[in-house]
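> This is the structure, below, for whatever I ask next.
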Amino acid sequence: MIIDQNEADDFHDVMEEKRAALFYVKEAFAEAQLDGLDEDCVAHAALFAAFHALVSTYGEEAVADFAERLPDRVRAGCFSSGPRH
């Protein structure tokens with residue numbers, strides 16, 4: 001499979017945008033904790049907001065298919081930042 005330069009540039013741009021978005025989300029978590037909110041509450045609210053946005057964009061069925069793959073990704077360590085348990 002040959003990837004042209006435009007596709008590579010688009011991929012790089014998307015990855016940079018996702019990194020920037022993650023930075024903003026982490027900053028929002030930190031601000032919420034500084035305001036005394038429990039990280040667990042913020043995480044649940046963030047998940048709700050994320051799924052709401054995804055359903056609005058892609059529809060219920062596509063998001064349900066995505067969500068079905070989450071347990072395997074969690075177990076594989078895709079969301080872990082430290083040593084796995």
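The values are calculated or read from the model by the stated rules, or taken from the named source; none is laboratory data. Note that the structure is a prediction, hence the values are computed from the model and not measured. Cβ coordinates were reconstructed from backbone atoms using ideal geometry, including for glycine residues, and neighbour counts include every protein chain displayed.
> Mind counting the residues in the stretch 61-82 that are closer than 26 Å to Y24 by Cβ and assigned to a helix (DSSP H, G or I)? Break it down into steps so the answer makes sense when it comes.
Of all residues in the stretch 61-82, those closer than 26 Å to Y24 by Cβ come to 62-63, 66-67, 69-70, 73-74, 76-82.
If we keep only those that are assigned to a helix (DSSP H, G or I) as well, we get 62-63, 66-67, 70, 73-74.
Final tally of qualifying residues: 7.
> L37 versus (1) surrounded by 12 or more Cβ atoms within 10 Å (Cβ to Cβ); (2) part of a helix (DSSP H, G or I); (3) not polar (S, T, N, Q): which is the lone unmet condition?
Of (1) surrounded by 12 or more Cβ atoms within 10 Å (Cβ to Cβ); (2) part of a helix (DSSP H, G or I); (3) not polar (S, T, N, Q), only one is false for L37: (2).
> Turning to a different aspect of this structure: A21: under 26 Å from E68 (Cα atoms), small (G, A, S), in the same structural domain as E68 (by TED's automatic domain parsing) and surrounded by 10 or more Cβ atoms within 10 Å (Cβ to Cβ), yes or no? Lay out the reasoning, then the answer.
Numbers: under 26 Å from E68 (Cα atoms): yes; small (G, A, S): yes; in the same structural domain as E68 (by TED's automatic domain parsing): no; surrounded by 10 or more Cβ atoms within 10 Å (Cβ to Cβ): yes.
Judged against the criteria, A21 is not a match.
> Confirm whether V14 is in contact with a Leu (Cβ under 7 Å, 6 or more places away or on another chain) and part of a helix (DSSP H, G or I).
On the way: in contact with a Leu (Cβ under 7 Å, 6 or more places away or on another chain): no; part of a helix (DSSP H, G or I): yes.
No.
> Looking only at the stretch 45-70, count how many residues are loosely packed, with under 11 Cβ neighbours inside 10 Å and either assigned by TED's automatic domain parsing to the domain that holds V25 or closer than 21 Å to L22 by Cα (or both).
5
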